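Trainee: Here it is: the structure, laid out below.
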Amino acid sequence: MDINNLSEVEMEAFVARFENLQGSHEAFVDSRLPGHKRFKINLVGMGVVEATDKPELQPNIPLPAKGFNLGMIQAENGNGAALHAHETEEVFMPLIGPWAVYWMTDEGTKEIVLEPFDSISIPMGVHRGFRYEGEGTGTLLTIIGGPDAGRVDWHSSVTEAAAESGLSRDEVGDLKVTA
């Protein structure tokens, strides 16, 4: 393929049409916990998905991630991700509805609410979570840095509760269904 002279038909292979996006409700160890039910969509790159064996979590655009991973999360009111950290930066931008972003500090949990098209960049190593605060289904754009986004570092309270729900991770960090 001559990448300097791509036709419209050839370029179409690198387009993810919203109506055809694939994803999964069980991409992470916290997926079964109350308040953490969400739909994960990988657009470019795998990000930090733990259910690496699910075909529906393969990137919707078949380009290698070089320096970033782009995805979306969809959730109903009160749902999102539990406290976790990454080895890279993570950027959030609500596309539909307000989303609360919360993080741990020595004084306790802090929180701010982002409205559509607001953006936040969370530094490496900060235990953070997020949840949808609006009506209907919200959509959050996520960008994770690096060609290798690493693995999720879950807060210990999350992994303990997840084990009780029948989800854990194996020694390399991939999702393991135990019940």
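Trainee: Scanning for something crowded, with 16+ Cβ neighbours inside 10 Å and either in contact (Cβ under 8 Å) with a residue 40 or more places away in the chain or among the charged types (D, E, K, R) (or both), does the stretch 105-116 turn up at least one residue?
Mentor: No, the stretch 105-116 contains no residue that is crowded, with 16+ Cβ neighbours inside 10 Å and either in contact (Cβ under 8 Å) with a residue 40 or more places away in the chain or among the charged types (D, E, K, R) (or both).
Trainee: So which of GLY166, GLY173 ends up being farther than 19 Å from GLY47 by Cβ and modelled with pLDDT under 95?
Mentor: Only one candidate qualifies: GLY166.
Trainee: While we're here: Looking at the stretch 70-91 only, could you name the residues that are of a type in the set (Val, Ile, Thr) and at pLDDT below 95?
Mentor: Across the stretch 70-91, the qualifying residue is only THR88.
Trainee: Condition first: surrounded by fewer than 10 Cβ atoms within 10 Å (Cβ to Cβ) and in a loop (DSSP other than H, G, I, E, B). Now tell me which residues in the stretch 1-14 satisfy that.
Mentor: Passing the criteria: MET1, ASP2, SER7.
Trainee: Continuing with this model, one more query. Only one of (1) free of Cβ contacts under 8 Å to residues at least 24 places away in the same chain; (2) charged (D, E, K, R); (3) crowded, with 19+ Cβ neighbours inside 10 Å fails for ARG131. Which number is that?
Mentor: Unmet condition: (1).
Trainee: In addition: Confirm whether ALA82 is aliphatic (A, V, I, L, M), touching a Ser or Thr at 6+ places or on another chain (Cβ under 9 Å) and in a strand (DSSP E or B).
Mentor: It is true that ALA82 is aliphatic (A, V, I, L, M), touching a Ser or Thr at 6+ places or on another chain (Cβ under 9 Å) and in a strand (DSSP E or B).
Trainee: Output the number of residues of the stretch 28-47 satisfying the condition of being under 22 Å from LYS66 (Cβ atoms) and assigned to a loop (DSSP other than H, G, I, E, B).
Mentor: Summing the residues that are under 22 Å from LYS66 (Cβ atoms) and assigned to a loop (DSSP other than H, G, I, E, B) in the stretch 28-47 gives 3.
Trainee: Determine whether the stretch 48-68 contains at least one residue that is among the acidic types (Asp, Glu), at pLDDT below 95 and assigned to a loop (DSSP other than H, G, I, E, B).
Mentor: Yes, the stretch 48-68 contains at least one residue that is among the acidic types (Asp, Glu), at pLDDT below 95 and assigned to a loop (DSSP other than H, G, I, E, B).
Trainee: Give LEU83, LEU63, LEU33 a once-over and let me know the one that is among the aliphatic types (A, V, I, L, M) and out of contact with any strand residue (DSSP E or B) (no Cβ under 6 Å at 6 or more places or on another chain).
Mentor: Selected residue: LEU33, the only one of LEU83, LEU63, LEU33 that is among the aliphatic types (A, V, I, L, M) and out of contact with any strand residue (DSSP E or B) (no Cβ under 6 Å at 6 or more places or on another chain).
Trainee: Would you mind finding the one in ARG38, ARG17 that is within 19 Å of GLY138 (Cα to Cα) and exposed (fewer than 11 other Cβ atoms within 10 Å of the Cβ)?
Mentor: Answer to the selection: ARG17.
The values are calculated or read from the model by the stated rules, or taken from the named source; none is laboratory data. Computed from a predicted model, the values in this text were never measured in an experiment. Please note: Cβ atoms are built from the backbone with ideal geometry, for glycine as well, and neighbour counts cover all protein chains shown.
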